[in-house]
Amino acid sequence: METRELRYFVAVAEELHFGRAAQRLAIAQPPLSRAIQQLERRLGVVLLHRTSRAISLTDAGSVLLQEARLALEAVEAAERRTRRAAADRPGIVLAAKAGASTELLSKLLHAYAAEPGAVTVEVMLCGPGRTEGLLRTGRADVALLHRPYDTTAGFDTEDLYTEPQVVVLPAGHPLANRTHISSAEVSTRTNLPLPRWPARDGSYPDGPGPQVRDHTQLLQLIALGLACAVVPESLRTQLRDDHAVVPVPDAPLVTTVIAWPPHSRSTAVADLVHTATRL
């Protein structure tokens, strides 16, 4: 299979419409249709159910969509990391979620800069759910991820620390003085919706809560009494007087990990990981 064919198929599989997929790819529709038919003949499987009104994925098509995304990400990552390795000034890119692990990130950058042979570290701060993608596509060489919210499958990782979670409420909320609250009570007794974070494709799940892009927006919505959120305890340091925090003992523990591609041979990445685990 060629990467061009995979890109064509992913566009059709995501749009489920040949016209929209052709427009997205900036090509005419007939050659796109022929390319998909050729791909099906080569694989000997049917990838798409076609009717006069709709297109849907077959089981084989669903598998190829998942595998094609990974393959295209791997190619893209190889291109980016190769160009970065040939740069005049070598450096590494560290991806982290904006607003998360702030204290750790500051200590890590300071400690690594003092190491012999340290290179420039470019920090990419991004919204929730995007850090993992930056690492998979080669935009980042190493990342701070947070289980169970981020998927670490396919990466090499080192656990850095594990912490409990708390619910952030508006100051003055009736439950603000509780010593603890259960996850069920967060949903049933706060009378505040939980936020909706964007998925990897940028879409938001259905639900009553507000659509949230970053922690700054989330904290403002909570202060206004429009939402509440269950977050790692370390985010306490970012809260203001118009927030209240109550522990949620039965919420899943959050483990911060440093992650990198398993095939990485970068000495700088190895040194950064070593510094992180030492801290």
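The values are calculated or read from the model by the stated rules, or taken from the named source; none is laboratory data. Values in this document were obtained by computation on a predicted structure and should not be read as measured data. So basically every Cβ, Gly included, is an ideal-geometry build from the backbone, and we count neighbours across all protein chains shown. Side chains included, ligands, DNA and RNA excluded: accessible areas come from the protein's heavy atoms. Shrake-Rupley method; radii C 1.70, N 1.55, O 1.52, S 1.80 Å.
Computed quantities for the displayed model
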read-out: Rounded accessible area of residue 102 (nearest 10 Å², 1.4 Å probe); value: 80 Å²
read-out: Alpha-carbon centroids, the stretch 184-221 and the stretch 118-161: separation in whole Å; value: 23 Å
read-out: Nonlocal amide H pairs with residue 166, under 5 Å, H built at 1.01 Å; value: 231, 233, 248
read-out: Cα gyration tensor shape of the chain, rounded if a/c is under 1.5, else prolate or oblate by comparing a/b with b/c; value: oblate
read-out: Residue-count net charge about residue 223 - beta-carbon cut-off 10 Å; Lys, Arg +1, Asp, Glu -1; value: -1
read-out: Nearest-ten-degree value, helix 29-43 long axis tilted from longest Cα axis of the chain; value: 90 degrees
